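Here is the structure we will look at, set down as structure tokens.
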């Protein structure tokens, strides 16, 4: 089926090692464990994004390892904290590659992933499942990058469509002042332009900041029907509270990167009615196979992982990555190149009931997007 229809460190390297390149790194992990490197925020205002994604992925890999792994090779995630700061992420990426990780996995965020991109591209290390929908990681095409989630263009298009279908055309944008926020702003503007509309106002918040006063003053004064928020949960929650206190009575829409459960936890009862677009199925409704597998894995693991959208995305990324490894094993020895070929060989299929499409010229996997709403008592409904 067509994917659209499916819904879619500083370090130096010795000259000899540099000459061997990918062969040296692949050979280092030809037996035993397959080690993945993850730079993500594990402290700071965006920590829950990295923590939850990692817990979900580790849940899947731990249970896979207990069953023998892939071809009797277990999978381990080596983590480094970047605090959601690009410079720290770049340094972490150099260190992880120097430590011969097989691939990079589950990086969190646009500015951090973009900081890592020239490093892993130069070293020819696969980069799988970044927690970002930014177009800059999709175009131009990079054979090393594999996405699991839909793009921010997909998310913002659905948000704008839903708002305008409700007759809400005065749309403002509150966005993080970095590559992530600008990617989301671009998506909203693009979707509005197709309808001969434009944002009525736009204002920013700095990354890892909750100073939203200037943005609140500007956006509330524009009296929009709705505000689309392109920020992590700390800044987004601060803006919702400040805007409501200033008298804003409209609706708030967020893209998935906000961290839905973290946002709900931050807002508490103030979260009632806040909308978030999602790029994975609901982690609470077992009607979908991937969710059933996820919830069963949590139970089997002793209920140590919280079921939420971020942890499910980590679990799903691990599930799809494993499918690529199995394909790579079928093609012979597991190397970085065979992993890439294996992932591309997945084609269009349902993986645990989730539609995935990969090919030699398409590493985007999915365009799946649906809407969810916070209820004000810490829950999320779709």
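The values are calculated or read from the model by the stated rules, or taken from the named source; none is laboratory data. Just so you know, these numbers come straight off a predicted model, no measurement behind them. Heads up, the Cβs are rebuilt from the backbone with ideal geometry, glycines too, and the neighbour counts pull from every protein chain shown.
Assigned by TED's automatic domain parsing to the domain that holds residue 124, more than 19 Å from the chain's Cα centre (by Cα) and farther than 30 Å from residue 234 by Cβ: which single residue out of 351, 346 fits that description? Only one candidate qualifies: 346. Among the residues of the stretch 173-194, those identified as within 15 Å of residue 84 (Cβ to Cβ) and outside any helix (DSSP H, G or I) are 176, 177, 178.
When restricted to residues that are out of contact with any strand residue (DSSP E or B) (no Cβ under 8 Å at 6 or more places or on another chain) and within 27 Å of residue 33 (Cα to Cα), the stretch 346-358 contains 2. Looking only at residues of the stretch 114-138 that are assigned to a loop (DSSP other than H, G, I, E, B) and touching a strand residue (DSSP E or B) at 6+ places or on another chain (Cβ under 9 Å), we find that the one that is nearest to residue 319 (Cα to Cα) is 129.
Results for (1) under 18 Å from residue 171 (Cβ atoms); (2) out of contact with any strand residue (DSSP E or B) (no Cβ under 7 Å at 6 or more places or on another chain), shown as yes or no for each residue.
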position: 228; (1), (2): yes, no
position: 238; (1), (2): no, yes
position: 248; (1), (2): yes, yes
position: 259; (1), (2): no, yes
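Looking across the stretch 139-153, just one residue is part of a helix (DSSP H, G or I) and surrounded by fewer than 24 Cβ atoms within 10 Å (Cβ to Cβ), and that is 153. All of 246, 307, 264, 236 fail the test of being surrounded by fewer than 22 Cβ atoms within 10 Å (Cβ to Cβ) and in the same structural domain as residue 211 (by TED's automatic domain parsing), apart from 246.
So that you can scan it fast, the table gives a plain yes or no per residue for (1) modelled with pLDDT of 95 or more; (2) part of a helix (DSSP H, G or I); (3) not assigned by TED's automatic domain parsing to the domain that holds residue 208:
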{"site": "23", "(1), (2), (3)": "no, yes, yes"}
{"site": "60", "(1), (2), (3)": "yes, yes, yes"}
{"site": "84", "(1), (2), (3)": "yes, no, yes"}
{"site": "92", "(1), (2), (3)": "yes, yes, yes"}
{"site": "96", "(1), (2), (3)": "yes, yes, yes"}
